């Protein structure tokens, strides 16, 4: 018989973690969003069963300890039970979000689930037709952070076993966007003859290397506006001669950024038409949250300040939110093109010139203390980043411009 | 920077219009004269317009929008800005005096950060701006004026207020109503309930642990119960098994006593009986076989005596073999003799029938050559033909003679019937006469017809002539009368002529008629000759016809006679030839008579048939000779066989006087008897051999059984059969005891499987002790089971609680909800933060600006205000440290601005606007445009302001637009331009 194994590689399920950056949605969409991580998990189980894989690998962050719900655990157990009914094994390691010592709900999983028990690299042998065919290596986070270079400790044992798969929850040392845990360099992973590196932790899907595959499958459902597009897992078929990777989307809905230039639009009706054209132009395959960015003239800001844009979006959302599959614009950002004028104005001795010059000196942090340090509000508010501060300054400036020039001839 | 010249290609109402500007210029025009459009054109040239706004100024008569503006700059000197709608979307092209071209960016550089909006707020104002001030609330006025002092616009203060309101709507540090405060309330509640749910979910772990412990306890208890129950069962069984155990012990003792060695073969008795039973039939069978063997031997001896010598048998055999041949030969002989006799009789009969005097023996000498048959047939045929021809010839001769006679008779008859020569001539004449008469009659009839026709024509002609005469007379009368009346002479002459013509005509006509009548009468004369009737003529013709017929028949008969003669001559020639032929045939017949004399007695007509009969006879005769030879040969063969048989009989001394068939029969029966004897001998020999074989086999089997019996005895250690039986009985008894023992053991094993009973077998416990123990155990079990039930209840309740928790998603729901509310708060907070920042930015800018320029602006304002009010007011004070905007009179009295009159307010406003533009113009030297800014000013004030304007215009280009003549009148030094 040809020696071959097939498996699903998923990571960062973050079951039941709330969606970030959503201030309001209709009830039914809220329900869908709330259930989205579970639906994606169900899709993973269905895909595994349909593809008749030998086992499923989940490389860490199955849920968030900080906001861990019993529901997440129970639904996970049910998923594993379903896989057990189809004789599919599960190999899982815990990551920085679901580290062992922080787990408050000790739900027992069925016996087809194999969990790497501690921070030491251990392994499980997968047998097919009574013969050891694959060895799976990995470790679990016991505490919130693992800072050692764990990748260097992975060693292939029992070389007569055909396939060796390593599971590692961590990121490349040079990565600056995320917390760097269990840091590694690509060369570390290529020293030992592993057939597949099943990575986790980074939510963006990426195949770091083809041969042997070193893969971040990404998370299975977008959880904030930056996690756009299709999300899912990899279906991997390893044989002695060939490696076959295919991505399977699992998401319950996608987050889709839409950029529209409305600088040619004279009024709100035209903008509405532009947005609707853009939104309706694409054929939908599933539910979709739309992150809308409008680029236009300064009047756009004025409309935004006057809440007219907000009302417009509500009007646009009304029909599409109740369609099947639904679409929903959950965020609108405006960008103003006319920046050139600033440079000119800045040179003037007049009041506006002075105003622009003042923008450099004004401090947002100092001025917003009233709210951001308010004892009741403080615990719910996210402190502003420098970037946000800068954007705010710009927006404040534009607000003033629009108002000061209002009524001026244009 | 100054505007020197504007050239408008096309802009609103202005098409191909040039206007030059001096440092100070007052442009006068009625309403709708195009002042505002001109201002817009300058703005368009300096700052450009977006396409839609440009389009608004497209001239009504069409053409391009655009123009050029010539400017003077201290640094750059003269340059011109050109903008047209089509070129680069209205972008500026600047031309410097050195001939260089620059773009929009270069122009922006020159404008030093001035945009259209800022330019308008600083360097241009109109009466409209003044109107705006009236709307201000009194307390705000100072702030508004301050704003104007800083930016030339009234917006700053309004914006500040608006931002404050927005902030207040969003958030107040200790408020309840603002949106953010409300959101905070919501979040507090959510957070609290979230904590509750979380706490609740935390108990899951404890409950699970207690569930596990409970399950452990239950398992242990269950095990104990099982153990006790097993004990109880074993006790009960023990009690039940007590009697059986006693039996067991008894048998055990019995078996111990009887331990001597009883060697006996396995199933010995049975085996001995079997051997004996098998041996008996074999022995009896052996006896029967022996007796039969003796009988067979005796029978065989008897048979051998009956058998004859071999030589005799062989001879007899050979004779019998030839018997059939002999019989066939005799039969054939008989048959041949019969045929011979028949044949002889047949030939003799045939000879008699032919009756030609031939004997049987003569036949052998006659021989017929091959051609004979043909020759005889030929002779016969020739004779017959000859006869036929002779007859025919004779008949022909007779016929010819008869015919000749007939013909002569006919000729005679015909000569009698024909007419004589004279009679014929007379008859011919008669016919000729008749024919002539006929022709005359016909001509007469024709002339009668013609005459009638003529008569008719003449009558008509006569009438015509009469009529013409009457006409002529009438005309002559008329003309005559006319002549008489007119007395014209020539008319008389005419009358005369006409009359003469008429008379003349009538006379001529009459004459011709008379002539014609005469002619007709001549033709009608009839002719008369000899008359011959038709009947006569027909009779004559008949006679002539008959005569002609007879003459031709006579000719015919004469011809026939000639032919008859020729035929008779031919007939005589044929007769001669036939006679010669007859003679030849006679010759040939005689030759045949000589060769075969018997032919004389046969008519030659039958010769062919006779030939066949003779030929057959000869063949029969030859067959007869063959048959005779065969008979002789067969007779010889028969007599040979007879002699051989007689010899055999003599040799064996058997009776000889017997017919040959009898003798043969005797030999046959002898041979049959001998065959039967030898058959019997073979049969008995076979039986005897078989018998011996069987006896041998039986003896061997007997021996085998006896050997087996001996083995049995040896095994039992006995010598005799009796001893063997005795030992067998003893063994039977012991086995019975053992069986009873086995049965007991079986029962015990059924009650206590796997040899458990052994532990009871040793110790003897009584029934009472056991009963006591049983009750004890029973009680213990009941107690434990009650405990178990309680635990199960507890477990079930725990299970339900856990399941409820597992199926609940309250915490999860709250978590998501909380996250969303939090996001909403953050969004609102950001909104608030932006507005807040904007407000702070505005305040800060105001502060800085004030520090930088305000004192200068106020100084200039004070100067202008003083001059405008005719020194009524000396100074203007900007608000500072909670002091409001104030003005100071000559007398040093200060008034708040809202205490000033409307007119004074306007003057203050104008002063402020002029001051700010004056201040700004130090850097931005752009022309100042005023559009009827002093609409409501009286003439004194206009004069005053014009002075100021003219003063400013020395340093700073001023462009005034006005429709007020007073304003124009007030101008001293400014150039005045009228717009048509």
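A few notes on this one:
- Any strands (runs of 3 or more DSSP E) falling wholly within segment A:187-277 and containing at least 3 residues that are surrounded by fewer than 22 Cβ atoms within 10 Å (Cβ to Cβ) and out of contact with any helix residue (DSSP H, G or I) (no Cβ under 8 Å at 6 or more places or on another chain): A:243-249, A:253-261
- Restricting attention to segment A:282-299, the residues that are within 30 Å of the chain's Cα centre (by Cα) and buried (at least 16 other Cβ atoms within 10 Å of the Cβ) add up to 9.
- Scan of segment A:1-17 for residues that are in contact (Cβ under 8 Å) with a residue 60 or more places away in the chain, over 30 Å from residue A:131 (Cβ atoms) and either within 14 Å of chain B (Cβ to nearest Cβ) or not in a loop (DSSP other than H, G, I, E, B) (or both), ordered by number: A:14, A:15, A:17
- Selection count where residues are within 7 Å of chain A (Cβ to nearest Cβ) and touching a residue at least 24 places away in the same chain (Cβ under 8 Å), scope segment B:836-845: 3
- Of all residues making up segment B:799-813, the number that are more than 60 Å from the chain's Cα centre (by Cα) and either modelled with pLDDT of 90 or more or facing chain A (nearest Cβ under 7 Å) (or both): 4
- Taken over segment B:832-862, the residue count meeting the criterion of being closer than 30 Å to residue B:182 by Cβ and surrounded by 19 or more Cβ atoms within 10 Å (Cβ to Cβ) is 11.
- Test result for residue A:92, away from every other protein chain (no Cβ under 14 Å) and under 14 Å from residue A:12 (Cβ atoms): yes
- Any strands (runs of 3 or more DSSP E) falling wholly within segment B:851-937 and containing at least 1 residues that are farther than 21 Å from residue B:24 by Cα: B:873-877, B:886-889, B:894-896
- Some residue of segment A:363-381 being more than 7 Å from chain B (Cβ to nearest Cβ), assigned to a helix (DSSP H, G or I) and farther than 30 Å from residue B:851 by Cβ: no
- Index of the failed condition, residue A:101 passing every other in (1) within 14 Å of another protein chain (Cβ to nearest Cβ); (2) more than 26 Å from the chain's Cα centre (by Cα); (3) not in a loop (DSSP other than H, G, I, E, B): (2)
- Each residue in segment A:345-362 was checked for being facing chain B (nearest Cβ under 8 Å), part of a helix (DSSP H, G or I) and buried (at least 20 other Cβ atoms within 10 Å of the Cβ), and 7 pass.
- Criterion (surrounded by fewer than 11 Cβ atoms within 10 Å (Cβ to Cβ), free of Cβ contacts under 8 Å to residues at least 24 places away in the same chain and either in a helix (DSSP H, G or I) or within 14 Å of chain A (Cβ to nearest Cβ) (or both)) met by exactly one of B:206, B:185: B:206
- Set B:348, B:332: member being assigned to a helix (DSSP H, G or I), out of contact with any strand residue (DSSP E or B) (no Cβ under 7 Å at 6 or more places or on another chain), without any contact (Cβ under 8 Å) to a residue 60 or more places away in the chain and more than 25 Å from residue B:588 (Cβ to Cβ): B:348
- Candidate set from segment A:382-395 (those that are under 22 Å from residue B:181 (Cβ atoms) and within 9 Å of chain B (Cβ to nearest Cβ)); member that is farthest from the chain's Cα centre (by Cα): A:392
- Residue in segment B:775-798 that is surrounded by 14 or more Cβ atoms within 10 Å (Cβ to Cβ), in a helix (DSSP H, G or I), touching a helix residue (DSSP H, G or I) at 6+ places or on another chain (Cβ under 9 Å) and at pLDDT below 85 present: no
- If the condition is being touching a residue at least 40 places away in the same chain (Cβ under 8 Å) and either part of a loop (DSSP other than H, G, I, E, B) or over 21 Å from residue B:17 (Cβ atoms) (or both), then segment B:51-97 contributes B:57, B:58, B:59, B:60, B:61, B:63, B:64, B:65, B:73, B:74, B:91, B:92.
- Cβ-Cβ under 8 Å pairs, at least 6 apart or on other chains, segment B:219-246 side closer than 13 Å to residue B:766 by Cα, far side modelled with pLDDT under 85 and outside any helix (DSSP H, G or I): B:238/B:765; B:241/B:752
- In segment A:120-146, the qualifying residues are those that are part of a loop (DSSP other than H, G, I, E, B) and more than 26 Å from the chain's Cα centre (by Cα), and the one that is nearest to the other protein chains (Cβ to nearest Cβ) is A:120.
- Qualifying residue in segment A:38-61 (condition: outside any loop (DSSP other than H, G, I, E, B), within 9 Å of another protein chain (Cβ to nearest Cβ) and farther than 18 Å from residue A:203 by Cα): no
- Residues of segment B:814-831 that are more than 30 Å from residue A:393 (Cβ to Cβ) and either surrounded by fewer than 17 Cβ atoms within 10 Å (Cβ to Cβ) or more than 7 Å from chain A (Cβ to nearest Cβ) (or both): B:814, B:817, B:818.
The values are calculated or read from the model by the stated rules, or taken from the named source; none is laboratory data. Computed from a predicted structure; not experimentally measured. Using ideal geometry, Cβ is built from the backbone for each residue, glycine included, and neighbour counts are taken over all protein chains shown.
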